[in-house]
1. What's the extension gain from residue 61 to residue 14 if we count 0.36 nm per residue and subtract their Cα-Cα distance?
2. Taking 0.36 nm per intervening residue step and subtracting the Cα-Cα distance, what contour gain separates residue 84 from residue 3 on full extension?
3. Rounded, prolate or oblate: which one fits the range 63-115, using the alpha carbon gyration tensor with axes a ≥ b ≥ c (rounded when a/c is under 1.5, else prolate when a/b beats b/c, else oblate)?
4. Using the heavy atoms of the protein chains alone and a 1.4 angstrom probe, what is the accessible area of the chain per residue in square angstrom?
5. What percent do you get for the relative contact order of the range 21-121 when only Cα pairs under 8 Å and 6+ apart count?
6. As an exercise, use a Förster radius of 22 Å and the Cβ-Cβ distance of residue 120 and residue 75 to find the FRET efficiency, rounded to the nearest 0.05.
7. State the antiparallel share, in %, of DSSP beta bridges confined to the chain, rounding to the nearest 5.
8. In Å and on Cα atoms, what radius of gyration and Dmax does the range 39-79 show?
Amino acid sequence: QVQLVESGGGLVQAGGSLRLSCAASGRIFRIRAMGWYRQAPGKQRDLVATIISGGSTNYADSVKGRFTISRDNAKNTVYLQMNSLKPDDTGVYYCNADVFTYGSSYWRDYWGQGTQVTVSS
């Protein structure tokens, strides 16, 4: 019913920047929250940043001051601007959305397939 498509990942040197995008489509009535999570090889998937429809944001301590999450509600799109990238930022970044679909009676989380971010030293 809902699809999330991420883009913007790639290879960058330490200190560089990347901008990730995630567009949601489908039978969407309302998106309450959107966020980014990342997973390094052999590690669990951890929260990077989230943003709710009203604009409030939350960041992992490791990215505060370097990453900025934003969203365009009209386009059902969330962005993650990543500056001053470090090798520890390397991983697969997954988009998440909390969605109420047409005909549904509850909110449900949807996930994208992920986009690879690699930061070299």
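1. Values: separation 47, 0.36 × 47 = 16.92 nm, distance 1.87 nm.
The residue 61-residue 14 span can extend by a further 15.0 nm.
2. Details: separation 81, 0.36 × 81 = 29.16 nm, distance 3.01 nm.
Computed gain between residue 84 and residue 3 is 26.1 nm.
3. Numbers: a/c = 3.20, a/b = 2.03, b/c = 1.58.
Prolate shape, in that a/c is at least 1.5 and a/b is the bigger ratio.
4. Values: 6520 Å² over 121 residues.
Result: 54 Å² of accessible area for each residue.
5. Numbers: 199 pairs, mean separation 31.7, N = 101.
So the answer I get is 31 percent.
6. Details: r = 32 Å, r/R0 = 1.45.
For residue 120 and residue 75, the calculated efficiency is 0.10.
7. Working: 44 of 48 bridges.
Around 90 percent of the beta bridges assigned by DSSP in the chain are antiparallel ones.
8. 12.0, 37
The values are calculated or read from the model by the stated rules, or taken from the named source; none is laboratory data. The model shown is predicted, which means the values in this text are computed figures rather than measured ones. Because the Cβ atoms are built from the backbone with ideal geometry, glycine has one as well, and the counts that use them run over all protein chains shown. SASA here: full protein model, heavy atoms, side chains in, ligands and nucleic acids out. Shrake-Rupley method; radii C 1.70, N 1.55, O 1.52, S 1.80 Å.
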